[in-house]
Amino acid sequence: MKRTSLFVAVAALVHFSGQSANADLPNLTKEPWFGYFIGFSDRDILLGITTKAEGVIHPLDSRKKFLRLSNPINFDFQVLEQTSDEKVVRKTINIQSLATEQEAEINPEKPISFTGKVTGDAAFAVTVAHDRDGYHFSGSVTDKGTLTDPLEFGIDFKFDPYLGVSMNSKDDREKFEKMARRDELEIVTTKGEKVKFDIDDEVDFQKKFPEGISSMTLETVRYGGTDFKLIASTGSKISFVAEGTNPVHKALDFLWTVNSGANPAEEKLTFAAD
C-alpha cells in the first residue's frame, strides 16, 4: 500500500469512528492515528483500539483500501454482572479510569496492557498481543469494588456485513441471495463438531448452542472473501448474543468469556483474518 493511501484510509477510520482524545489512555499524536491508543496495519485489515478502549476493524480490498468506511467490525471489553434476579447487566466503563504503563504505539511488537474501572468501582485488566497467528486478547476482573454479585469479564465482537443492504422487495431479496450465495459461517462446538450455515439461514443460535462454541469462521463477499476467525482457548468459550431466531447475517454478535473455574491469565481469544 502506498503511504498516502494508508494515511487517507486510517484518517477516514478515525473520522467514521467519531473518536476524541478525551480519555486516559495515551493518544497517538502521529497523524492520522490521532485518537487511538494502538493501531495495527495488516494485509487484510486495519485494527485499532481508541483512547476510550473501543476496538475498530476495517477489512481491506485487494487494493488495500477500505471496503466500507461506515460499516466496520467493532469489538469492546466488558464487565458483566450476574444479578440476584438472574439478569446479566453490562457495567459502564469509567473512561477517566483507563490507565496503562505503556506508550501509545503503531504496530507494537510486544503485548500491550491497560486497566480500567466500571460502575461500582470494579476493576479490570486487558492485554492485547499480535503475532503471525493473529490478534490475541485476554482479560479479567481484578477487583469487585463495591459490587457483591458475581462478575465476569468479556470481549464482544460484532459483525454486520449486510448493514444497509435493502431486502424489502422481491428484487432486493434476489440481489441479496445472488450476492451472498457463497457466504458461509462455520462453527466448531465445544465438543469439536463442525457445523456450517448459509448466511441467510434462520437459526436460534442460543438455543442450538447453549454451551457456547469453541470457534467460528465467517466468509462473506461483503468482507472481500477474507476468512475472519474467532478462536477461544480451551478454558473459555464464545456465546451468541442475539436472542431468538434470526437470519445468520443478523446474529453475528459473539461474546467471549472465561469458563467458571479456569485461570483467566491462561485464557485468550484469538482474532485472525486469512
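Here are some notes:
- For region 135-157, the set of residues classified as assigned to a strand (DSSP E or B) and surrounded by fewer than 18 Cβ atoms within 10 Å (Cβ to Cβ) consists of Thr142, Asp143, Glu152, listed by residue number.
- Residues of region 108-122 that are under 17 Å from Phe137 (Cα atoms) and surrounded by 12 or more Cβ atoms within 10 Å (Cβ to Cβ): Pro108, Pro111, Ile112, Ser113, Phe114, Thr115, Gly116.
- Subset tally (residues that are under 22 Å from the mean Cα position of the chain (by Cα), surrounded by 11 or more Cβ atoms within 10 Å (Cβ to Cβ) and not aliphatic (A, V, I, L, M)) for region 163-189: 4
Results for (1) modelled with pLDDT under 95; (2) among the aliphatic types (A, V, I, L, M); (3) assigned to a strand (DSSP E or B), shown as yes or no for each residue.
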position: Pro161; (1), (2), (3): no, no, no
position: Gly164; (1), (2), (3): yes, no, no
position: Asn168; (1), (2), (3): yes, no, no
position: Asp171; (1), (2), (3): no, no, no
position: Lys196; (1), (2), (3): no, no, yes
position: Glu211; (1), (2), (3): no, no, no
position: Thr217; (1), (2), (3): no, no, yes
position: Phe228; (1), (2), (3): no, no, yes
position: Ile231; (1), (2), (3): no, yes, yes
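The values are calculated or read from the model by the stated rules, or taken from the named source; none is laboratory data. As the structure is a prediction and not an experimental result, all values here were calculated from the model. Quick reminder, even Gly has a Cβ in these numbers, built from the backbone with ideal geometry, and neighbours come from all protein chains shown.
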